[in-house]
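To start, the structure under review is shown below, and the notes come after it.
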Amino acid sequence: MKKLLFFFVALLSLVAATPAAHAKRSIMELPPFERAVLIIKKFETLHKPKHWPYVGYGHQVQPGEPYRRGVQLTERQADILLRKDLRKFCALYSQYGKDSILLACLAYNCGPGVVNKSSVLKKLKAGNRDIFKSYTAHCRYKGKWHKGLYSRRLTEFAVLFIP
């Protein structure tokens with residue numbers, strides 16, 4: 001019961017925080033990719049220069065990329081970078097069809113290495129779609145359970161998982 005309550009609170013907080021809510025639209029009216037972008041923006045927020053080597057909405061700067069320490073991306077630049085990264089992860093998991101966006105969101109936050117070793121991916125490969133518990137288990141930061149990450153996983157699952 002407590003998990004169900006967390007689930008609905010997370011979903012309502014996301015819907016209330018989106019620009020679509022002001023237009024009296026539901027996040028569920030948007031295409032799944034756009035839903036994923038809104039969820040990531042809500043939970044990552046725009047990173048400041050002090051968060052280096054993370055820029056934009058949580059993009060980790062790789063060697064050879066043109067981003068410089070101490071320079072904050074504009075919202076537009078961060079949005080473009082987020083969409084580019086998310087498309088890359090969606091393509092990586094495209095063989096999973098309707099689950100590719102959910103896996104891409106997890107990879108955006110945890111990295112594809114974590115997703116590739118996860119029980120979520122193993123279950124989906126085996127055709128088992130009972131992944132709620134496995135998916136929401138990815139909510140640790142520095143080895144400790146994190147309430148904000150749990151809320152994020154509940155929101156992602158509620159908005160992006162297609163039964």
- Report yes if Gln72 is of a type outside the set (Gly, Ala, Ser), under 20 Å from Arg87 (Cβ atoms) and either touching a strand residue (DSSP E or B) at 6+ places or on another chain (Cβ under 6 Å) or not in a helix (DSSP H, G or I) (or both), otherwise no. no
- Task: Read through the list (1) closer than 26 Å to Tyr141 by Cα; (2) part of a helix (DSSP H, G or I), then give the number of the only condition that Ile80 fails.
- Result: (1)
- Conditions: (1) modelled with pLDDT of 95 or more; (2) open to solvent by less than 60 Å² (accessible area, probe 1.4 Å). Glu44 meets all but one. Number of the miss? (1)
- Selection from region 108-160 of residues that are buried (at least 20 other Cβ atoms within 10 Å of the Cβ), among the aliphatic types (A, V, I, L, M) and in contact with a Cys (Cβ under 7 Å, 6 or more places away or on another chain): Leu160
- Item | Residue under evaluation Gln77, criteria (1) open to solvent by less than 60 Å² (accessible area, probe 1.4 Å); (2) at pLDDT 90 or above, criterion not met | (1)
- Item | Output for region 152-163, where each listed residue is over 15 Å from Lys41 (Cβ atoms) and under 11 Å from the mean Cα position of the chain (by Cα) | Arg153, Leu154, Phe157
- Message: Report every pair of residues separated by at least 6 positions or lying on different chains whose Cβ atoms are under 7 Å apart, first residue within region 94-107 and surrounded by 16 or more Cβ atoms within 10 Å (Cβ to Cβ), second of a type in the set (Ser, Thr, Tyr).
- Response: Ser100/Tyr93; Ser100/Ser94; Leu103/Tyr93; Leu103/Tyr96; Ala104/Tyr93
- Residues that are part of a loop (DSSP other than H, G, I, E, B), touching a helix residue (DSSP H, G or I) at 6+ places or on another chain (Cβ under 6 Å), free of Cβ contacts under 8 Å to residues at least 60 places away in the same chain and under 17 Å from Lys98 (Cβ atoms), drawn from region 120-163: Ile131
- Item | Flag for Val55 being more than 25 Å from Val159 (Cα to Cα) and in contact (Cβ under 8 Å) with a residue 24 or more places away in the chain | yes
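The values are calculated or read from the model by the stated rules, or taken from the named source; none is laboratory data. Only a predicted model underlies this, so the values are computations on that prediction, with no experimental measurement involved. Here Cβ is always computed from backbone atoms with ideal geometry, including for glycine, and neighbour counts include all displayed protein chains. Remember, those area values only see protein heavy atoms, side chains included, never the ligands or the DNA or RNA. Shrake-Rupley method; radii C 1.70, N 1.55, O 1.52, S 1.80 Å.
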